[in-house]
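K.L.:
One structure, pasted below without further comment.
The values are calculated or read from the model by the stated rules, or taken from the named source; none is laboratory data. Not measured: the values here are computed from a predicted model. Cβ sites come from the backbone with ideal geometry, for glycine too, and all protein chains shown count toward neighbours.
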Amino acid sequence: MTKKLPATLDLDARGLRKGLTSYGDNGFSLFLRKAFIKGAGYSDSALDRPVIGIANTGSAYNPCHGNVTQLIEALKRGIMLAGGLPMDFPTISIHESFAYPTSMYLRNLMSMDTEEMIRAQPMDAVVLIGGCDKTVPAQLMGAASAGIPAIQLITGSMLTGSHRSERVGACTDCRRYWGKYRAEEIDDEEISDVNNQLVASVGTCSVMGTASTMACIAEALGMTVPGGASPPAVTADRMRIAELTGAQAVAIARQGLTIDKILTEDAFENAMRVLLAIGGSTNGIVHLAAIAGRLGLDIDLKKLDRMGKDTPVLLDLKPSGQHYMEDFHKAGGMATLFRQLKPLLKLSALTVTGRTLGEEIELAGPGFAQDVVKTMDDPIYPQGGMAVLEGNLSPGGAIIKQSSADPGLMEHEGRAVVFENAADLANRIDSDDLDVTKDDVLVLKNIGPKGAPGMPEAGYIPIPKKLAIQGIKDIVRISDGRMSGTAFGTIVLHVTPESAIGGPLAYVQNGDRIRLSVSKREISLLVSDAELQRRRELSPITPPTAERGYKKLFLDTVTQADQGVDFDFLRAVRPADPASGE
Ligand code: FES
């Protein structure tokens, strides 16, 4: 006769009972799991509650996540007040300045870690604590693949500092001051002084770089509680958002509100609108393509470009404007932006509150006077922040952040000055012998997804020193790499296909003519097809590979920028079905 299990050991697949370890006897698996967790002092009553996993990305190497301990405390408070059981677990954490060779090389690894830990451990919903550039996309990619109810908690931006009475913040001002130093406008002592002031507290970069962009996108996708994007890391508002996030995580666990119900086509369209209206980082489009790919959806670059023509930049933040994230928060944050963008948004898209975006905008009320979010009639830039370029140099598309480019260079034809790779650039960019003028076009090859590898943010090619000291602030630059969202200039990025796999960029030579026309959305190499074919036959390209390890996995499976630089085997082949567990 089979013995009836005690109530606390029934195998209904919720909470601690989910995903039992395989011992060939499920009753024993649950018995053992409970025995071990009770070793940490838990009671049966605690273990019977909905389990909320918390992806803990705190790390001494990641000051952008320096408030994670406090966030977890507030999250746990919210979870327990709502009747859930919080269980935090570590995952990979990536900081921009501490990841070699580049953070993007590790984003997919973090997404796999996040996905598999969500799958492997019993939880009814997961809170993803992310902030620094690659962490939020990695977590949304992983959670989208895992398919359970999920909610994003942003760590929040850093505070701004002050250098000799001038307000400064990472990292547009880091680049501006470094440019001044290279141009010999400031000395060793001043560059050292400003180094102490650029990052005034823990938290993510204080301008509209990739971290702020992904925070705004996460809220636009419906993946945060209302107002989750903007509070700075060290504020009481940020902690209240964490408490609210914890409580909402319990609600979505009870409702079974899985991530595929939030991350719909409409949600991605809202995210693209917001990306354009905030003058967001060009990295945002790569990450959106990767997240969408996990759900069997595509981001159409042509559609992004069309949307850009009727979506002005409204947010007056550096590098496109003048303010910082803490100002955006004081101006009402995303609710203020949504209110302005309302006619262009898909208002029926569902959010993690269980309400639609339209309902959340209504609940946020009428707003107040402020000067950070502009109106549709008086934008800071008349079109979307970025434009999509095509032409024989980039048959798969390329991106330019037009809102932070020099208007005088947007229609430009010039002579190519070519660097074969990042090392070649580092060796020659400051050489007195470099044959370059302000009218030339700097071309950098082999910094694409496979080329570097990892598509580093080396597309922000420095102004050659001989031009910088003449006062030249901008010059047309082209590469198959990325650029930090905090950077600025007339810079063509994400040239697809990349040079390392034989894209046309590989065959550009010194002295070739290149034409950039942002109005015609064109990037062209003014060399005949026959000549390009001759060059191809003369110097055939062998794509890079590696002998072993993660590098081999990366080089063998990474996709191009238009597919989000995700691994090909991680993209969904059909819309995710959470019930299947696949
Ligand atoms: Fe972490 Fe900028 S370095 S957000």
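K.L.:
Which residue is farthest from the ligand (Cβ to nearest atom), if the candidates are limited to the stretch 133-172 and must be without any contact (Cβ under 8 Å) to a residue 60 or more places away in the chain and hydroxyl-bearing (Ser, Thr, Tyr)?
P.N.:
Within the stretch 133-172, the match that is farthest from the ligand (Cβ to nearest atom) is SER165.
K.L.:
Which one is farthest from the ligand (Cβ to nearest atom) among residues in the stretch 173-220 that are surrounded by 24 or more Cβ atoms within 10 Å (Cβ to Cβ) and part of a loop (DSSP other than H, G, I, E, B)?
P.N.:
MET208
K.L.:
Tally the residues that are surrounded by fewer than 19 Cβ atoms within 10 Å (Cβ to Cβ) and modelled with pLDDT of 60 or more, restricting the search to the stretch 568-582.
P.N.:
Of the residues in the stretch 568-582, 5 are surrounded by fewer than 19 Cβ atoms within 10 Å (Cβ to Cβ) and modelled with pLDDT of 60 or more.
K.L.:
Oh, and also: Could you please let me know if ARG240 is away from the ligand (no atom under 14 Å from the Cβ), assigned to a helix (DSSP H, G or I), over 24 Å from GLU457 (Cβ atoms) and not acidic (Asp, Glu)?
P.N.:
yes
K.L.:
Residues to consider are GLY385, GLY358, GLY408; find the one that is surrounded by 14 or more Cβ atoms within 10 Å (Cβ to Cβ) and not in a loop (DSSP other than H, G, I, E, B).
P.N.:
Selected residue: GLY358, the only one of GLY385, GLY358, GLY408 that is surrounded by 14 or more Cβ atoms within 10 Å (Cβ to Cβ) and not in a loop (DSSP other than H, G, I, E, B).
K.L.:
ARG119: over 19 Å from PRO232 (Cα atoms), within 16 Å of the ligand (Cβ to nearest atom) and either touching a residue at least 12 places away in the same chain (Cβ under 8 Å) or among the acidic types (Asp, Glu) (or both), yes or no?
P.N.:
no
K.L.:
Looking for whichever is farther than 30 Å from TRP178 by Cβ, touching a residue at least 60 places away in the same chain (Cβ under 8 Å) and polar (S, T, N, Q) here; the options are SER484, SER528, SER524. Which one fits?
P.N.:
Unique residue meeting the criteria: SER524.
K.L.:
Among the residues that make up the stretch 62-77, is at least one of them under 30 Å from the mean Cα position of the chain (by Cα), within 16 Å of the ligand (Cβ to nearest atom) and without any contact (Cβ under 8 Å) to a residue 40 or more places away in the chain?
P.N.:
Within the stretch 62-77 (the criterion being under 30 Å from the mean Cα position of the chain (by Cα), within 16 Å of the ligand (Cβ to nearest atom) and without any contact (Cβ under 8 Å) to a residue 40 or more places away in the chain), the answer is no, since none of the residues qualifies.
K.L.:
How about the stretch 296-347: which of its residues are among the aromatic types (Phe, Trp, Tyr) and surrounded by fewer than 21 Cβ atoms within 10 Å (Cβ to Cβ)?
P.N.:
none
K.L.:
Given the criterion in contact (Cβ under 8 Å) with a residue 24 or more places away in the chain and touching a helix residue (DSSP H, G or I) at 6+ places or on another chain (Cβ under 7 Å), identify the matching residue among SER201, SER230.
P.N.:
So the residue among SER201, SER230 that is in contact (Cβ under 8 Å) with a residue 24 or more places away in the chain and touching a helix residue (DSSP H, G or I) at 6+ places or on another chain (Cβ under 7 Å) is SER230.
K.L.:
State the number of residues belonging to the stretch 45-87 that are part of a helix (DSSP H, G or I) and touching a His at 6+ places or on another chain (Cβ under 9 Å).
P.N.:
4
K.L.:
Only residues that are hydrophobic (A, V, I, L, M, F, W, C), within 16 Å of the ligand (Cβ to nearest atom) and closer than 30 Å to PRO540 by Cβ: list them for the stretch 459-512, please.
P.N.:
If the condition is that a residue be hydrophobic (A, V, I, L, M, F, W, C), within 16 Å of the ligand (Cβ to nearest atom) and closer than 30 Å to PRO540 by Cβ, then MET483 is the only one that fits.
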